[in-house]
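Asks: Have a look at this one.
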Amino acid sequence: MNSSTQSSVNRVEGEAISLASPRDFFDLMKPRVITLVIFTACAGLAAAPGSADPLLAAISILALSLGAGAAGALNMAYDADIDRTMKRTRMRPVARGTVSVDDAYTFGIICAVLSVLIMALASNYLAAGLLAFSIFFYGVIYTMILKRSTPQNIVIGGAAGAFPPMIGWVAVTGEISLDAFILFMIIFLWTPPHSWALALYKNGDYQAAGVPMMPVVKGAKSTRLQILLYSIVLVLFAGAPVLTGLGGAIYALTALGGGALFMVLAIRVFNSRAGEAGSAEEAALYAVRSGDKAARDLFAVSIGYLTFLFAALLAEHGFGAYISIPGVGS
């Protein structure tokens, strides 16, 4: 069998038969992203005042996961052309041809509708509305409009990834409070330094695909400065839950220690030559030129930083480890 016949579609009696496997559709949903979505949503749900029926809470998290997967599928369907160009995305299901664009759109839309309906039945209409908006924001506003048109794509588009803890909170309380907004803002402010660190050491990928990420449009030096500035704001804002009483002693220590490490790495990126042109070929996600290691390290550690912040909240509110700080909070 030659290469032209080794495709994702076989022709039998003039009809196309898809060879996509269940794993291909699972991969369409960006499972690694969903893991973080589930985790931050659980933290928001646990931290919210009041109580929720455990079964309905679990169903709400499932609905949120399905919605995040729907957004991922819509993203892959629309971005198949640039995904084929970029080394780190060329093996995604639509890019490599195992799932067709039409099937990816259909799958994404069905999952989106189901997720919103399930959320409405399991929690409340506000949580369902926020979920619907977050899917639309990522699948349409970010993917179809912002990503290919502005270097601020990830700044504005980052709102989509910031909704899960707020939705988890609203699923319990039925309202958006200051603390819910703070959880949203932590992820919103985290997204630019996290994503631009990746963009610095994968600059060639974005340039080849014509995606106007910050290093491509404004250059590496400007991007390193913006990473530093956003990191300062993020680390300072991450202390807000302590001031409102949402975060206790465990959260405070996590924010302090994690923030210090984040700032050290952000300063290293600022003082490095990350993103500058080099001769070495870019390969896998963590294979980088020596000058880009500072950016790679910040990207990797940033995931742990966010995870530990929300893990602290989950431990305090979900597992009874909250220790109040005298004279701080409400």
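Asks: Select from segment 29-111 those trypsin sites (Lys or Arg not before Pro) which occupy a DSSP coil region and have at most 13 other Cβ atoms within 10 Å, ordered by residue number. Walk me through the numbers before you get to the answer.
Replies: On the way: sites: R32, R84, K87, R88, R90, R96; in loops: K87, R88, R90, R96.
Sites meeting the loop and neighbour criteria: R90.
Asks: What label, among [x] 1.17; [y] 1.04; [z] 1.32, belongs to Cα Rg over 2.2 N^0.38 Å computed from the structure on display?
Replies: Step by step, Cα Rg over 2.2 N^0.38 Å for this structure corresponds to label [y].
Asks: Right, next: Grab the other residues whose beta carbon is less than 12 angstrom from that of V242, score K and R as +1, D and E as -1, and report the net.
Replies: Values: positive: none; negative: D179, E316.
Result for the local shell: -2.
Asks: Let me ask something else. Quick one: grab the alpha carbon gyration tensor of segment 139-193, order the square roots of its eigenvalues as a ≥ b ≥ c, and give me rounded if a/c is under 1.5, else prolate or oblate depending on whether a/b is larger than b/c. Please list the in-between numbers first.
Replies: Working: a/c = 3.72, a/b = 2.00, b/c = 1.86.
Here segment 139-193 falls in the prolate category.
Asks: Rounded, prolate or oblate: which fits segment 186-228 when a ≥ b ≥ c are the square roots of the eigenvalues of the alpha-carbon gyration tensor, with rounded for a/c under 1.5 and prolate only if a/b beats b/c? Don't jump to the answer; show the numbers that get you there.
Replies: Details: a/c = 2.30, a/b = 1.58, b/c = 1.46.
Prolate, since a/c reaches 1.5 and a/b exceeds b/c.
Asks: Among the listed pairs K30/K218; K147/K218; K202/K293, which are separated by more than 21 Å between their Cα atoms?
Replies: Values: K30/K218 29 Å; K147/K218 15 Å; K202/K293 11 Å.
From K30/K218; K147/K218; K202/K293, over 21 Å: K30/K218.
Asks: Another question, then. Counting only other residues whose beta carbon sits under 15 Å from that of A20, what net charge do I get with K and R as +1, D and E as -1?
Replies: Details: positive: R23, R92, R96; negative: D24, D27, D102, D103.
Surrounding charge for A20 is -1.
Asks: Next question. At 222 nm, what helix-only mean residue ellipticity would the chain give, in deg cm²/dmol to the nearest 500, using -39500 (n - 2.57) for each DSSP H run of four or more?
Replies: Working: 14 runs with 218 residues, N = 330.
Value at 222 nm, helices only: -22000 deg cm²/dmol.
Asks: What dipole magnitude, in Debye to the nearest 20, does segment 177-330 give about its Cα centre under +1 on Lys/Arg Cβ and -1 on Asp/Glu Cβ?
Replies: Details: 9 positive and 8 negative charges, 81 e Å.
The calculated dipole for segment 177-330 is roughly 380 debye.
Asks: Let me know the shape class of segment 130-265, please: from the alpha-carbon gyration tensor, a ≥ b ≥ c as square roots of the eigenvalues, rounded when a/c is under 1.5, otherwise prolate if a/b is greater than b/c, or oblate. All intermediate terms of the calculation are to be shown ahead of the outcome.
Replies: On the way: a/c = 3.18, a/b = 1.32, b/c = 2.42.
In terms of gyration-tensor shape, oblate.
Bear in mind that the values in this text are calculations on the coordinates, not laboratory data. In this text, all values refer to a predicted model and were calculated from it rather than measured experimentally. Note that we place each Cβ from the backbone using ideal geometry, even for glycine, and neighbour counts take in every protein chain shown.
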